[in-house]
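Contents: one structure, followed by commentary.
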Amino acid sequence: MPQAMATAAGATRDGTGTAGAQDAAAQRTAAGSATDSESAAPPQGSDFAPLLRAVKGQGLLDRRTGWYATGIAVNLAALAAVITGMFLLGDTWWTLLLALPLAVFWARTAFVGHDAGHAQITGGRRAGRAIGLVHANLLLGMNEAWWNDKHARHHANPNHIDKDPDVAVGALVWTQRQAARRAGFARWLTRHQARLFFPMLLLEGIALKISGFQYLRRQPARERLLSALLLVAHLGLYAALLLTVLSPGKAVAFALLHHALFGLHLGMAFAPNHKGMEMPDPDGERWGHLQRQVLTSRNVRGGVLTDWFLGGLNYQIEHHLFPSMPRPHLRLAQPMVRAHCQALGMPYAETGLAESYRQALRHMHEVGEPLR
């Protein structure tokens, strides 16, 4: 929920702090919030401060409610069109072809939920949470509270092995130290994780649902009730749709194919962002906000189609520096961010889409190399 992002972000108020205060204030911009933490003045002397002032001066932190309203309406209309097509085709194997466009527009729905969690759409917490609940819990069956909690911790410390849940030990591992501790089937999985990465993404759509239900026990009672009701409503509506249109066998096949394509699409959107990028040494020097967000992130070059396919996450550096910046403004901020990094002599990673996957897979291959 947006409140989780706000908790992680806080607000940057101190205008004259010491170096330690500068870093703490910059870190509080890490997750984005309904209070618009980026709009507050950072401490003078911070490497991030002049960039923040420039971006704010261009109005790039101003919300684009109309743009989002139009995008949401178009996406809902597209979902309705796909569902209508399912009814028109009826109980035939040809209906399974519609699993692809449904997965694509589900991914658009997930991007809206992501932006709502970052308070990119609206400054009101209630409105932001309502958008998140509808798009995540009801339409996708994915618990928005679970996602926002996990995602806020990622934004605060990207690629930090002890603090970022996205690089914690799971089905995959991200350092050779993690790999050395694997045993049994997990060791075999790590040995081959690069070649298994994309096939494993086919399970991600179902895994997102399971994780959301598991997170319910960690939510406050009233919040848990609403989240659970919407998650169960999603499952009921989804099952009713498929079983109304298709026979049970075809319905199961459609659900499996749809969730496999959805998980693959989301994984392909998120995989290029950080995999294979710098990973801060937990025992090393503490990085400031600019260094922490830029060095751990990778941008993906491309045009309108790439922006659409990746949901704007191809501007990952800009998104991490300004998480509450509306999605259409990320590409406008990119030249300013790149120039600022060049002026400081800070690396700014940007590559093509295919190369971004190659770099991510190479990192996973190198992590598992000692086990081969």
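Of the residues Pro323, Pro370, Pro328, which single one is over 27 Å from Leu172 (Cα atoms), out of contact with any strand residue (DSSP E or B) (no Cβ under 7 Å at 6 or more places or on another chain) and not polar (S, T, N, Q)?
Details: Pro323 fails: over 27 Å from Leu172 (Cα atoms); Pro370 fails: over 27 Å from Leu172 (Cα atoms).
Result of the check over Pro323, Pro370, Pro328: Pro328.
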Discussion item. Is it the case, given these coordinates, that Leu172 is in contact with a Leu (Cβ under 7 Å, 6 or more places away or on another chain) and closer than 21 Å to Leu264 by Cα?
Written reply: no
Worksheet entry | Contacts under 9 angstrom Cβ, first residue in the range 171-187 being closer than 18 Å to His274 by Cα and assigned to a helix (DSSP H, G or I), partner among the small types (Gly, Ala, Ser) and modelled with pLDDT under 95, 6 or more apart | Gln176/Gly368; Gln178/Ala168
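Consider Phe197 carefully, then state whether it is under 18 Å from Tyr357 (Cβ atoms), touching a helix residue (DSSP H, G or I) at 6+ places or on another chain (Cβ under 7 Å) and assigned to a helix (DSSP H, G or I).
Against the criterion (under 18 Å from Tyr357 (Cβ atoms), touching a helix residue (DSSP H, G or I) at 6+ places or on another chain (Cβ under 7 Å) and assigned to a helix (DSSP H, G or I)), Phe197 qualifies.
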Item to complete: Please indicate, with yes or no, whether at least one residue in the range 272-284 is of a type in the set (S, T, N, Q) and either within 27 Å of the chain's Cα centre (by Cα) or crowded, with 21+ Cβ neighbours inside 10 Å (or both).
Response: yes
Worksheet item: What is the residue count in the range 45-58 for residues that are over 24 Å from the mean Cα position of the chain (by Cα) and open to solvent by less than 40 Å² (accessible area, probe 1.4 Å)?
Response: 2
Worksheet entry | Out of Ala180, Ala194, Ala207, sole residue that is at pLDDT below 95 and either among the hydrophobic types (A, V, I, L, M, F, W, C) or open to solvent by 20 Å² or more (accessible area, probe 1.4 Å) (or both) | Ala180
Practice prompt. Report, by residue number, each residue of the range 60-82 that is part of a helix (DSSP H, G or I) and touching a residue at least 40 places away in the same chain (Cβ under 8 Å).
Written response: Thr65, Trp67, Tyr68, Gly71, Ile72, Leu79
Practice prompt. Note down all Cβ pairs under 6 Å where the first residue falls in the range 46-59 and is more than 13 Å from Val337 (Cβ to Cβ), the second is of a type outside the set (Lys, Arg) and part of a loop (DSSP other than H, G, I, E, B), and they're at least six residues apart or on different chains.
Written response: Ala49/Pro42
Worksheet item: Within the set of pairs 6 or more residues apart or between chains, which connect a residue that is in contact (Cβ under 8 Å) with a residue 12 or more places away in the chain inside the range 358-372 to a residue that is crowded, with 18+ Cβ neighbours inside 10 Å and polar (S, T, N, Q) with Cβ atoms less than 6 Å apart?
Response: Met364/Gln193; Gly368/Thr190; Gly368/Gln193; Leu371/Thr190
Practice prompt. For residues that are in contact with a helix residue (DSSP H, G or I) (Cβ under 6 Å, 6 or more places away or on another chain) and surrounded by fewer than 19 Cβ atoms within 10 Å (Cβ to Cβ), scanning just the range 354-367, find the one that is nearest to Phe270 (Cα to Cα).
Written response: Leu361
Item to complete: Please work out if Leu344 is surrounded by fewer than 16 Cβ atoms within 10 Å (Cβ to Cβ), of a type in the set (A, V, I, L, M) and touching a residue at least 60 places away in the same chain (Cβ under 8 Å).
Response: yes
Item to complete: Restricting attention to helices (runs of 4 or more DSSP H) lying wholly within the range 244-355, give those where 2 or more residues are at pLDDT 95 or above and among the aliphatic types (A, V, I, L, M).
Response: 248-270, 289-294, 316-321, 327-344
Worksheet item: Any idea which of Gly303, Gly288 is open to solvent by 10 Å² or more (accessible area, probe 1.4 Å) and either in contact (Cβ under 8 Å) with a residue 40 or more places away in the chain or within 20 Å of Asp166 (Cβ to Cβ) (or both)?
Response: Gly288
Fill in: Residue within the range 151-173 that is modelled with pLDDT of 95 or more, within 30 Å of Leu241 (Cβ to Cβ) and either of a type in the set (Ser, Thr, Tyr) or open to solvent by 40 Å² or more (accessible area, probe 1.4 Å) (or both) present
no
Item to complete: Pick out the one residue from Thr95, Thr122 that is at pLDDT below 95 and either open to solvent by less than 10 Å² (accessible area, probe 1.4 Å) or closer than 22 Å to Glu223 by Cα (or both).
Response: Thr122
Response to the item:
Residues of the range 112-135 being touching an Asp or Glu at 6+ places or on another chain (Cβ under 7 Å), under 17 Å from Pro323 (Cβ atoms) and part of a helix (DSSP H, G or I), in sequence order, are Gly113, Gly117, Gly132
Discussion item. One residue is enough: does the range 224-233 have a residue meeting the conditions in contact (Cβ under 8 Å) with a residue 24 or more places away in the chain and among the charged types (D, E, K, R)?
Written reply: no
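The values are calculated or read from the model by the stated rules, or taken from the named source; none is laboratory data. In this text, all values refer to a predicted model and were calculated from it rather than measured experimentally. Glycine gets a Cβ as well: all are built from the backbone with ideal geometry, and neighbour counts include every protein chain shown. Each accessible area value is taken on the protein alone, full model and side chains, heavy atoms only, with ligands, DNA and RNA left out. Shrake-Rupley method; radii C 1.70, N 1.55, O 1.52, S 1.80 Å.
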